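Note sheet for the following structure.
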């Protein structure tokens, strides 16, 4: 289940993609399978990286994978990559966990090439707000969500770095009611209602029936659990242009 829409990434053979906060590898593994790109999946949690590696292993053979995948542990506040390394950066469901999220955005800007694409996803405001109202434990667990983003706030923070916004969408509307139920019955982990809805989501994920796929597409604009925003980084001015501009101002 991926949140970022690869169609907005304009991927081309040989490109480098950073999946920052890759978790258990859903986006990293998907792109390794579908595109001839080098994917770098990094996360702060060693256990998640190990899980991602285990899940990726069966798909690394040439008959399954078009691209290559490298996984590792790293801190988003100090990325171990040179400036302008990546053609595409994905940061999915990460920024809501980070106190100084603007410092992470600055690091993303640093390692992204001019004209590169940045895709950011966070929980959408309305479904997330309901979760917070239903359960304090939902957002007070270690490593949990520390903020609810408004779309305008996140978009403004990224545009302030010189990135141009070009697309948006919401995703996973059918998952919003599941999290509302989970929050409502937070202290009842054996709730049959929560378990039944979870089985529905697994069935939907595995079978992809037309009815639920159509229902989610209709409901996404209002109830989508996540919102995805897409940006392209500004092109660098040529050195000669910068020199002439400096002479003109002197």
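The values are calculated or read from the model by the stated rules, or taken from the named source; none is laboratory data. Just so you know, these numbers come straight off a predicted model, no measurement behind them. Cβ placement follows ideal geometry from the backbone for every residue including glycine, while neighbour counts extend to all protein chains displayed.
Picking from 57, 96, which residue would you name as being within 18 Å of residue 230 (Cα to Cα), modelled with pLDDT of 95 or more and in a helix (DSSP H, G or I)?
Details: 57 fails: within 18 Å of residue 230 (Cα to Cα).
Residue meeting the stated conditions: 96.
Can you tell me which of (1) farther than 20 Å from residue 234 by Cβ; (2) surrounded by fewer than 17 Cβ atoms within 10 Å (Cβ to Cβ) is the one residue 102 doesn't meet?
(1)
What's the total number of residues in the range 3-36 that are surrounded by 17 or more Cβ atoms within 10 Å (Cβ to Cβ), assigned to a loop (DSSP other than H, G, I, E, B) and either in contact (Cβ under 8 Å) with a residue 60 or more places away in the chain or in contact with a helix residue (DSSP H, G or I) (Cβ under 6 Å, 6 or more places away or on another chain) (or both)?
Total meeting the criteria: 10.
State whether the residues of the range 37-53 include one that is surrounded by fewer than 18 Cβ atoms within 10 Å (Cβ to Cβ), in contact with a helix residue (DSSP H, G or I) (Cβ under 6 Å, 6 or more places away or on another chain) and modelled with pLDDT of 95 or more.
no
Please work out if residue 139 is modelled with pLDDT of 95 or more and either over 30 Å from residue 103 (Cβ atoms) or in contact with a helix residue (DSSP H, G or I) (Cβ under 7 Å, 6 or more places away or on another chain) (or both).
Numbers: modelled with pLDDT of 95 or more: no; either over 30 Å from residue 103 (Cβ atoms) or in contact with a helix residue (DSSP H, G or I) (Cβ under 7 Å, 6 or more places away or on another chain) (or both): yes.
It is false that residue 139 is modelled with pLDDT of 95 or more and either over 30 Å from residue 103 (Cβ atoms) or in contact with a helix residue (DSSP H, G or I) (Cβ under 7 Å, 6 or more places away or on another chain) (or both).
Just to confirm my filter: which helices (runs of 4 or more DSSP H) fall fully inside the range 124-229 and include at least 1 residues that are touching a residue at least 12 places away in the same chain (Cβ under 8 Å) and within 30 Å of residue 113 (Cβ to Cβ)? Reasoning before the result, please.
Numbers: elements: 125-134, 136-140, 151-159, 175-184, 192-207, 210-223.
Helices (runs of 4 or more DSSP H) meeting the threshold: 151-159.
Which condition from (1) more than 17 Å from the chain's Cα centre (by Cα); (2) surrounded by 17 or more Cβ atoms within 10 Å (Cβ to Cβ) is the one that residue 189 breaks?
(2)
Residues that are closer than 28 Å to residue 158 by Cβ and either surrounded by fewer than 17 Cβ atoms within 10 Å (Cβ to Cβ) or at pLDDT 95 or above (or both): does the range 178-186 have at least one?
yes
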